[in-house]
Each structure stands twice: as structure tokens, then as C-alpha cells.
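Rule-based calculations on the coordinates, nothing more; no lab input. Just so it is clear, the model here is predicted, and its values are computed rather than measured. All Cβ positions, glycine included, derive from the backbone under ideal geometry; neighbour counts span all protein chains shown.
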Amino acid sequence: MRRAWIAVTGLLSPLRQPAAIRRFSIPRSWLIAYLLLIVLPAGIFLYGYYARSADILRSEVIRTTQQALKQAGSNLSYRLERIEDISDAAFMNANLHSYLSINSDDQSIGTQIKVIEDLRYLVDTVQSNSDVFHVRVFVDKSKLYAEERINFFTLDSLMVRPWFRSIIDGNGGIVWTGVYEESYLGGSNETILSAARMLRDPDDYDKVSGVLMIDVRQDIVSNILSELQFAPGTAVYLVAEDGAIVYHPDAALIGTVVDPHMLDVLNEGAEGTKSLLLNNEHSDVLYTTLAPTGWKLVAQGTKSQLSPATQRLTKQSEWRSLIEYVALFLFLPFILLAIIVRGMNRRVNHVITVIRKEGKEGKEAIDGLHELPAVNGDFHMLERSVDHLILRVRTLVEENYRAEIREREAQLSALQAQINPHFLYNTLDTINWIAIGKGATDISMMIDSLAKYFRLSLNKGKTIVSVTDELKLAEVYLEIQQSRFFGSFDFKVAAGKGLEAYRMPKLILQPIVENALLHGIRKAKDRKGLIDITVELDQGDLVFVISDNGIGMDEELSRSLLKEERVSPGDHTGNGSSYGLFNVNERIKLHSGEGYGLSVSSKLCAGTTVTVRMKAALATSQDSKDSDV
């Protein structure tokens, strides 16, 4: 205390400093406390604020991007649905199916020319739509027009394409091929995607009469996706259900398969957002589903990507907030603190003086403290707290003195209480020797067992005993009862190795074996009773199992034994009453916790088993000394 007072007064009264500086000097400990309690938490708060703001801003950017992506997906779906409607209209044309099913060998040249003209008219009608680039019909090679190679092709030439099997499996439904390059007769290569469907022979439904393909330019996709105003470096592409990329601004990636983790994310739902680690870089993946094709429209960008305008706004906000933070939490509080310190020095010094003079001035110093004017509310509270502290110290000293007196009186009472057990042991020992002298060995054995029982149960007033002593107490009790009820029961005690080092509450087993004997075995008149006691360690717990082959009880009664105190009907002596189980269970819970206690298992005419589980506690050195006394 003296060393702390010297340090404080040394900080408050630096005599060697100039007067002007000394007025505004701040103790070093106060400055450290200011930095730790104000500046550091404020910095952490500001960092957390920036982190939360960045997360909110990023979430808002992602939400806006997701909305734009959904709108683009809706526009693209609408354009693709129009192509499907055109395909459906052509598919519903009755002449198309009938012409494709006609066998060329059975028709004249004139009829075949009429078929070609009608099919040409149908194709030209479909191609008149602005979204349709080209229409191709693949038919059997036996058709006269199969080798036309402008709008009509042989079905065999389509079989080598990778998506031919998907068209056939589509069973007449529209199958989208994805983006690919196709060469047309008399023209250059074009990048297209196609809506293809199988055509069946109406006379033979199992026969494939042809395939109708409506080609659209890649521009129908790229023009819509190019309107998205995403951050530079954000890739927007289409992925099929099997993970293959069907469109990508980088043509080299078309046909490749996305990362398996990416595919798992895309299969989670119709739309969503996810952050993934792709190619050792955190990326944000946003996706939505195109209803006509089942493809996923994906936008992929780096995790920290924001639009340039948002980044500039964030930088400006950070610098402005940093300047405000420095002014608010560093300069202004520092100046205010220096001014306050000047006014508080006198009152703090007076408080310290009162504390140092307490031993000499006592009540007069405290009265002088009360007479000081309350200039500052906080220091007025400090003065009152010092007053209360001094009075409290006096009270505690007096209470400590009275507690020591009560402790000495309790020790004397404990020593005096040991006289009666010693007198009881000596008296029983004298009776034992008299019985031996008169040849009454049965009386001698009974007296000897009774003396052991009292010695173990009293145990010099201690409530915690060793496992060995508790088992010995149960054995002595059963030996006494064997003398009382000669030949009516036997007992066995089995204990695991090393249990003598553990301690437990006293008188846990005796009430249980008493219930087993008086309520179970004694009421079974048709057989000789057996009480079996075992104890072992189980995962840090002591587990006792006490079983008997008595009359047992029904399950409802066995469940109610531990819920409330019970006394056997007609038993007013207390001998063997089952209230002991409830009492033992409560004592174990108080000692070890709610997860411990008794469990009772019993069946009528089959006996009862009581399991005791308590926390295993090793004996301390003090316990060993007490047991030796």
C-alpha cells in the first residue's frame, strides 16, 4: 500500500517540472488506461464498423448483380421460348409428318416435287422470323431431297454429332445443343445454337422419320449478356445440367466442364449465390436457371470485386471517418483530460491522506472528509466510497475475530464429542471379553460386529470415508443380520483393484442392503436369500451394484421409489423403510451432481437390483492424515 501511494503521489506531484507543464501533466498510468480503455476499443469498433460496412456494401452489390442476372436470364428465356414456340408450330404441321413418312419409291416424280415445294414453303415460313437464322430438316437418305444440303440433309449425317443421342432420347421434346460452329453451303462458318427435336412416322410410331433443327445465331445470347454492367473481369456464361459450358465469351472454354465444386453449387437450386475457392482464389458465384433449357446462367467474379464508383466512394468515406476518429478519440479527450486532472489532484491527495491517517485520526479524519465541498460528482462518490471502505474494514476485522473465537469453540466441542464414542467402544470391548470368558462365542461375535459397525458408522464425525470402509460397514451390518436371522441368507462382496484410494460419502450402501434384506429376502419364504454387492470404476465414476433374489416389486413401484419419500405400510418402527433410497439418492446428487444417483430395476418374484453411480474422487493427503488419527 505504501509503495502504491508513493507511486501515485510521485505521478501527481512532479516537483522538478515547470509549473505550467505540471498543471496539465497526466499520470502515465492514466494515459495507458486511456489508450487501452478508450483508444483501443474505439479502434476495434471502427475496424468492426468498416468490416460490417464492407460486408453490407458487398452484399448489396451481390444482390444488385443477382437481380441484373435474373433479368438477363428472363430476357434470354423469353427469346429461347419464342424459338421453341416456332418449333412447336412447325412440329404441329400435319403435312410435315405425312411428307416425311412417304416412301419415295412409291411416289411419282411429280408428287415428290410437290412435297419438296410444300416443305420448302414451310421452311421459308419458319425462317422468316427475325430470331431464326436457319432451318434444317434431316430425313432418311432415300428421300429425293435428302441431299439438297441447304435445308434438307440425310439423317445419317446427324448421327455423328455428339448431341444426336440426346435428341433421340428427348422423344420429340426440344433439345438445345449449345453454342457450336456450323458451315453452310455457299456461306462462311457461323457460330450458332440449335433447338432440335425428333420427328416420328405417324404410321409407325416407333420409327424415326426425321429431325427438325432451328438454328439461331450466338448473338441472341451474347447481345443480351453484353448489356450487363458488371465489374471488369466478371465472367458471364451458360452451363448445362451436366456441367458442360454451352456458351462463354472465351470460345476456347465452350465444351469444357466446370469445377466439381462449382457444379455442386449450381445443382443446389434454381438460383442463388455462393463464395467458392476456385484456382486458389476466392470467387463469388451467382446463378439463375433458364426455364426453357434448364441451363444455368452464371456470373463469376473475385470475392472483393466492386464497381469503380463504389470503390471510390468507400475510399473517400474511409479517409473522412479516419480524420473524424482521430479528432474525436485522440485530441479532444486528451485536452479535456489534462484540464480535468488539474482540478482533481487536490481532492485525490486529500483522499490518500485520509486513508494514511486512518490509523491515527480515525473518526475525526472521516468527519473532515464529509465537510469537503462536493465539487465533482465522481470524486464525491470516491470520498463516500473511502468512508464506506474504512467502516467496512473495521467491521470485517471484528467479524474475523468473532469467527476465530467460534472456530476454537467448535474445535473444543468436537474434541469433547469424541469422549462418548470412546466410552461406547470401551464398554462394548469389556462386554466382549466377559462373553469370551463365559464361553459365549456367539455373543462375543455379535458384540465384536456391533463395535465394528459403530466405529465405521461414526468414523470420528467425518462424512467422507474410503470405499473400503464403506464396503466393510455393509459387510459388518450383514454379519449382524446373519446372526439375527440365522441361515436365512448369504452375501457376497466383490471390489475391483485400486478402489481403496477413492473416497465417497458415508452410509450409502447400508440403507440399500437393509431394504434388500427386510423388504426383499425376508419376505421370500420359499428360498434362501442372496445379496450380491459389486463395485468397479467406469469412465471416472464409481459404480456399485446391489442385487438380491427376494420377492421384487412391480415396475411402477420401482420407478416411484426415488421420486418421493416412502414408508412401508404398517411399518412405524423405521426399520427397513424405503424412505432410505430417496434419501441416499438425494445425498449422491448433492455430492456428485444431477447426472448421478440411484437406479432401481426389479421384477416380481425375480429380485431387485439397485445401481449406484457417483463421481470417483481420489483421497487427498489431508484425508490420509485424518484416517491415521
27 Å Cα-Cα threshold exceeded, pairs from K492/K603; K506/K603; K143/K207; K506/K528; K472/K589 | K506/K603; K506/K528
Between T64 and H282, what length comes free when the chain is fully extended (0.36 nm per residue of separation minus the Cα-Cα distance, one decimal in nm)?
-> 76.5 nm
Taking 7 Å along the Cα-to-C-beta vector as the label spot, tell me the I150-S188 distance in nanometres, rounded to one decimal.
-> 2.2 nm
Loop sites in segment 474-517: trypsin sites (Lys or Arg not before Pro), DSSP, at most 15 other Cβ within 10 Å = K497
Extension gain from S599 to T463, taking 0.36 nm per residue of separation minus the Cα-Cα distance | 46.7 nm
Dipole magnitude (debye, nearest 20) for segment 93-221, charges at Cβ of Lys, Arg, Asp, Glu | 140 debye
For the pair A89 and N129, the simple spin-label estimate (label points 7 Å beyond Cα toward Cβ) gives in nm 0.6 nm
Provide the FRET efficiency to the nearest 0.05 for the A251-R320 pair, computing r from the beta carbons and using R0 = 41 Å.
-> 0.35
Charge context of G243, other residues only, Cβ under 13 angstrom, K/R +1, D/E -1 | -3
Would you mind calculating the gained length between S53 and I168 on full extension (0.36 nm times residue separation, minus the Cα-Cα distance), in nm to one decimal?
-> 36.0 nm
Cut-off 13 Å between beta-carbons: net charge of the residues surrounding I116, Lys and Arg +1, Asp and Glu -1 | -2
If each of I38 and T611 carries a label point 7 Å out from its Cα toward its Cβ, how far apart are those two points in nm?
-> 6.3 nm
Only loop residues by DSSP count here, and only those with at most 13 other Cβ atoms within 10 Å; note down the chymotrypsin sites (Phe, Trp or Tyr not before Pro) in segment 131-227 that meet that.
-> Y205
Rounded, prolate or oblate (a/c below 1.5 giving rounded, otherwise prolate when a/b exceeds b/c) for segment 93-221 by Cα gyration tensor = prolate
